[in-house]
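Enquirer: Let me give you the structure first, and then I'll get to my questions.
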Amino acid sequence: MALVCKIELSQTDGITLTVINKDGNITQTATFDGTIITLTCKGQDDTSTITQKTDSITIDCKDFIVNAESITCKSTKDTLHEATGTFSINSTKKSAFTSSADMDISATTKLNLKSADFVATATNSAKVTALTTTLNGDNKASVTGLELALTATASASLKGATVKAAADTTMDVEGLTTTVKGQLTNIQGSLVTLG
């Protein structure tokens, strides 16, 4: 493989280094014009370019690959990662995402959170809102709190193979119309008042 190498010096245009690979149809160019450093690798189908200015470095290429033992990226202002295709973050060990301010996670269609154990904790308040909300436990579902309030603006239903309602002190069942019905109905107590 024979290469053609050129060095061009100019007091107005700067320095241009060129390596031409005619067999591979590849041209490599490095230009230093006093303002911008440009590295270009042009092939038959694709071209990659690195452009360096005093305040920025821009990389244009088809595939960008970084292999390192450890990577640290820091910005004193904003950071943006954007993909028009699939965006994936994978880790074989523990992952952490933290923010000193607010954090928003949104999806225009479907959002899935999945793990062997799932814990969500808020120091102040937690709110789950949806057009239809379902909380399901295949074995057991528990809702606990210092005070528990279940309300519905239309109707509320409690259904199970066996339903038990118990209070350590006082239980009130009250309604404009109240019906207690069963094939076998027991009303027991040391003091029972009807009416």
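The values are calculated or read from the model by the stated rules, or taken from the named source; none is laboratory data. Since the structure is predicted, the reported quantities are computational estimates derived from the model, not experimental observations. Don't worry about glycine lacking a Cβ; one is built from the backbone with ideal geometry, like all the others, and counts go over all protein chains shown. Note: accessible area is taken over every heavy atom of the protein model, side chains too, but ligands, DNA and RNA are not part of it. Shrake-Rupley method; radii C 1.70, N 1.55, O 1.52, S 1.80 Å.
Enquirer: Open to solvent by 100 Å² or more (accessible area, probe 1.4 Å), without any contact (Cβ under 8 Å) to a residue 24 or more places away in the chain and under 30 Å from Lys62 (Cα atoms): does that describe Thr193? Give the derivation first.
Expert: Details: open to solvent by 100 Å² or more (accessible area, probe 1.4 Å): yes; without any contact (Cβ under 8 Å) to a residue 24 or more places away in the chain: yes; under 30 Å from Lys62 (Cα atoms): no.
No; evaluated as a whole, the condition is false for this residue.
Here's the yes/no breakdown for (1) more than 30 Å from Gly195 (Cα to Cα); (2) of a type in the set (A, V, I, L, M, F, W, C); (3) touching a residue at least 12 places away in the same chain (Cβ under 8 Å):
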| residue | (1), (2), (3) |
| --- | --- |
| Ile105 | yes, yes, no |
| Thr109 | yes, no, no |
| Ala116 | yes, yes, no |
| Thr121 | yes, no, no |
| Ala126 | yes, yes, no |
| Thr133 | yes, no, no |
| Asp138 | yes, no, no |
| Ser142 | yes, no, no |
| Ala167 | no, yes, no |
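Enquirer: When you look at Ala68, is it among the aliphatic types (A, V, I, L, M), within 30 Å of Ser115 (Cα to Cα) and open to solvent by 60 Å² or more (accessible area, probe 1.4 Å), yes or no? Steps first, answer last, please.
Expert: Working: among the aliphatic types (A, V, I, L, M): yes; within 30 Å of Ser115 (Cα to Cα): yes; open to solvent by 60 Å² or more (accessible area, probe 1.4 Å): yes.
In short, yes.
Enquirer: For the stretch 91-122, give me each residue that is closer than 30 Å to Ala165 by Cα and either of a type in the set (Val, Ile, Thr) or open to solvent by 100 Å² or more (accessible area, probe 1.4 Å) (or both). Working first, answer last.
Expert: Of all residues in the stretch 91-122, those closer than 30 Å to Ala165 by Cα come to 117-122.
Correct list: Asp117, Phe118, Val119, Thr121.
Table: residues versus (1) open to solvent by 100 Å² or more (accessible area, probe 1.4 Å); (2) at pLDDT 95 or above; (3) farther than 30 Å from Ser99 by Cα; (4) among the β-branched types (Val, Ile, Thr).
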{"residue": "Met1", "(1), (2), (3), (4)": "yes, no, yes, no"}
{"residue": "Thr31", "(1), (2), (3), (4)": "no, yes, yes, yes"}
{"residue": "Gly34", "(1), (2), (3), (4)": "no, yes, yes, no"}
{"residue": "Asp46", "(1), (2), (3), (4)": "no, yes, yes, no"}
{"residue": "Thr58", "(1), (2), (3), (4)": "no, yes, no, yes"}
